[in-house]
Each structure stands twice: as C-alpha cells, then as structure tokens.
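Below is one structure, written out as structure tokens; the observations come after it.
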Amino acid sequence: MKILVTGAAGFIGSKLMYSLRERGDEVIGIDNFNDYYDVRLKEARVSAMKLDVRKMDITNKYVLDSLFASEKFDKVVNLAAQAGVRYSITNPYVYLHSNLVGFMNILEACRNYGVKHLVFASSSSVYGMNNTVPYNEDDKADSPVSLYAATKKSNELMAHSYCKLYGIAMTGLRYFTVYGPWGRPDMAPMLFAKAISNGDTIKVFNHGDMIRDFTYIDDIVNGTIACLDHEPTPNKDGIKYRIYNIGCSHPVKLMDFISEMEQALGTEAKKEFLPMQPGDVYQTNADTTKIETEVGYKPSVQLHDGIASFIEWYRSDLNPLNEKKRGS
C-alpha cells in the first residue's frame, strides 16, 4: 500500500511514518519545516528515524497536485496544520492559510487522483465550551474558544461534504493531549522538563486546576494506523465517514502530571500559578468507546511509564535541544 503522510517531520507524523515503513508500507512524507518551533527538532526526527521527507507545503496546490499525479497514493494521512491554541490568538491568518486552504488542497488532490481513504487530524479542542464529560463524538461541537479549534471543526465539515459528494472514505481523529519522546517544545511536557531541569519557574495556568487526557505517542500512532487500515463502512447517511476521539480516556490532574515530572527528574519544580489563558479549557476527557468498539483501539501506556520514557529521551543525546549536550 502506498501512503502519503503530511506533516511528516512533526511529532505524530514522524513516528507514524516510521511505524508504517517498519511494517512494510511504501511511505512518502512531506513537511514545510516551518519555524513555528525549533526546526532542529524536526530535522533530528527525520534523521534519527531515517525518513524520506520532502520539503513541500500543502498550501502550494500546483506542487501538491504534481506529487499526487506522479505517486498515485492509495491512502493519505493529513497531519499538516498550523498547531497551537495560544499562537492562534496572535497569528490568526497563518491558521486560515494552512488549516483551511491547505486542507482544501488535500481534499481536491484526493478527489482528483483516486485516493481511497483520507485520515485527517482534528483536535479535542473542537469541543470548546462543552461542559459534558467525558467528551463523546455525538456531543455538540459548535462553540470553539480558539481560532485553531474553529479551523479543525471546519476541516471535519469540509471532509464530510467531499465524502458525500465524491464517495471518498474519510476518517477524522480528534487527538487529545499527546506526549512522549520527540514531543513539541511548545507543549507542557517539554516546557516543564526544561524549566525544572534548569531550576527555572514553570507557569501553572488556572492555578493548577486543569485536567488533561494525556496520551502517549505510541498509543496515538497505533490508533491512527488502526483507523487507516479500517476503511469506514457507510454510516446512517450512506457515506463512508467517521469521527473518532483518540485519547487515553483516563484524564489526569495537571498537578499530578507535574508531580510525575518532578519524580522522573528528581527535582521539585518552582511554580508560578496564573489564571486561565485565552483559548484554553478547564478539562479534556475522551470517551474512546467508539474507536475501541469499531477499530479495536486500546491505549496501554500508563502515565508513570510514559513520563519516564519521555525524560530518558529528553536527557539523551537524541534530543537536539538538550542544553547540557550543547555545553551551554
């Protein structure tokens, strides 16, 4: 099977591409290697995993169409997007360009070049102001609290329309908080690990009263592959379309997460307690019944073990952002 992975130098994309290749699939990756965070981390992922990732931007329709025409992909996993809730407050147009125009180009390429199944990244942020937990895929998701969340919900609606119009099988994955080795430096695990290691203060929002469905990267990748292999059957509307939550379904209090980090690092964190930030939500908690029942997804990595693996990588020479390795 020939598969395209977009956003292939990213946290999820790189591990997904590696896992697909290791099981024998023919995989091509593309990524624009933008500087939203330190490009050295993206380059190091690609190098360490020996991935074939081409520098390409999904917003360039001409180049993307040329790739699809020449490679004739069977399936596509679209993980390319501008990420980050807080960044969308200050850089809104980047999200419209990448997450809407870029996704439109992916949909058109899938339509025009015979792709059988598109799996695309959505986000738990689409649940927005929903106060019912755990979040279920049938819950209303029409009250986003960030532009990032609004673009991800828009992707779901755009995909639904193309599925209905052109019969392409599509699966949207609402990822919950992902952590593990090679993680993004703008997310809490990396920020906390760096600050605690250096004796700096960590910022604890909403005064520590937050809950997140932290999910280890290997569980996320295994679930994504299971969905890629499981082409949706026609739903009640007669179209091959599914939306799945993909998380751990065992939410953790932020202060408990910090405690696990402290134990793994052997150092107590200095904490600055701050109010809730614009665009953030108090709690994310995935109901994963649907993906477990229909696809067979079952997360297995416990938080304690996942944090230990993350810290081992963080302190290792594999981490290009390891300040001690650079001698600073």
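Just so you know, all these numbers are worked out from the coordinates, no wet-lab data involved. Note that the coordinates shown come from a computational prediction; the quantities given were computed from them, not determined experimentally. Cβ: placed from backbone, ideal geometry, glycine included. Neighbour counts: every protein chain shown.
So what's the Cα pair-distance distribution over region 213-255, bin width 10 Å, in %?
Binned Cα distances yield the sequence 24, 40, 26, 9, 1.
Going by amide H atoms built from the backbone, whose H comes under 5 Å of the H on Met210, apart from near neighbours?
Amide H neighbours of Met210, under 5 Å, 5+ apart: Leu254, Met255.
Give me the one-decimal Kirkwood hydrodynamic radius in Å for region 188-242, with the sum taken over alpha-carbon pairs. Walk me through the intermediate numbers first.
Values: mean 1/r = 0.0663 Å⁻¹.
It works out to 15.1 Å.
If you average 1/r over all unlike Cα pairs in the chain and invert the result, what Kirkwood radius do you get in angstrom?
Working: mean 1/r = 0.0496 Å⁻¹.
Evaluated over the chain, this radius sits at 20.2 Å.
Taking the convex hull of the Cα atoms, report for region 1-80 its projected area averaged over all directions, in nm².
On the way: hull surface 19.3 nm².
One quarter of the hull surface, i.e. the mean projection, equals 4.8 nm².
Helix 147-166 sits at what angle to the longest principal axis of the chain, using alpha carbons and giving 0 to 90 degrees rounded to 10?
Helix 147-166 sits roughly 20 degrees off the main axis of the chain.
Subtracting the Cα-Cα distance from 0.36 nm times the residue separation, let me have the gained length for Lys203 to Arg86 in nm, one decimal. Could the numbers behind the result be given before it?
Numbers: separation 117, 0.36 × 117 = 42.12 nm, distance 1.41 nm.
So the extension gain works out to 40.7 nm.
Per residue of the chain, what 222 nm ellipticity follows from adding -39500 (n - 2.57) for every DSSP H run with n ≥ 4, rounded to the nearest 500? Write down the numbers at each step before the final one.
Working: 13 runs with 131 residues, N = 328.
After summing the helix terms and dividing by the residues of the chain, the value is -12000 deg cm²/dmol.
From Cα pairs below 8 angstrom and at least 6 apart in sequence, can you work out the relative contact order of the chain, rounded to a whole percent? The partial results should precede the final answer.
On the way: 637 pairs, mean separation 60.4, N = 328.
Reported relative contact order: 18 percent.
Where the convex hull is taken over the Cα atoms of region 207-294, what is its projected area averaged over directions, in nm²? It would help to have the intermediate numbers written out before the result.
On the way: hull surface 31.5 nm².
That works out to 7.9 nm².
What lysines could a cross-link reach from Lys253, if we take a straight Cα to Cα line under 19 Å and drop same-chain neighbours fewer than 8 places away?
Counting by Cα, and skipping residues close in sequence, Lys253 has these lysines nearby: Lys203, Lys270, Lys271.
Which order do peptides 265-272, 244-251, 95-102 fall in by mean Cβ count within 10 Å, highest first? Write down the numbers at each step before the final one.
Values: 265-272: 13.8, 244-251: 24.2, 95-102: 19.1.
Most protected by this proxy first, the peptides run 244-251, 95-102, 265-272.
Output needed for region 144-222: three equivalent-ellipsoid semi-axes, defined as square roots of 5 times the C-alpha gyration tensor eigenvalues, in descending order, whole Å. Before the final figure, lay out the partial values.
Working: eigenvalues 226, 50, 20 Å².
That gives 34, 16, 10 Å for the three semi-axes.
Find the eigenvalues of the gyration tensor of the Cα atoms of region 83-184, then list the square roots of 5 times those eigenvalues as equivalent ellipsoid semi-axes, largest first, in whole angstrom.
Numbers: eigenvalues 109, 57, 40 Å².
With the √(5λ) rule applied to region 83-184, the semi-axes are 23, 17, 14 Å.
Each residue of region 54-71 in order: what ³J(HN,Hα) in whole Hz does its phi give by Karplus 6.51 cos²θ - 1.76 cosθ + 1.60, θ = phi - 60°, with x for Gly and Pro?
For region 54-71, the Karplus-derived couplings read 9, 6, 7, 10, 5, 7, 8, 4, 4, 5, 5, 4, 4, 5, 5, 5, 7, 9 Hz, x marking Gly and Pro.
If amide H atoms are built 1.01 Å from N in the plane of the peptide, which residues on other chains or at least 5 residues away come under 5 Å of the amide H of Ile202?
Long-range HN contacts for Ile202: Lys270, Lys271, Glu272.
How far apart, in nm, are the 7 Å Cα→Cβ label points at Asp142 and Thr233?
In this crude spin-label approximation the distance works out to 3.0 nm.
Normalised by the residues of region 72-122, what does the relative contact order come to in percent, with Cα pairs under 8 Å and at least six apart? Please list the in-between numbers first.
On the way: 44 pairs, mean separation 32.5, N = 51.
Rounded, it is 64 percent for region 72-122.
Compute the helix-to-body angle for 254-265: its Cα long axis versus the longest principal axis of the chain, expressed 0 to 90° and rounded to tens.
Helix 254-265 sits at roughly 70 degrees to that axis.
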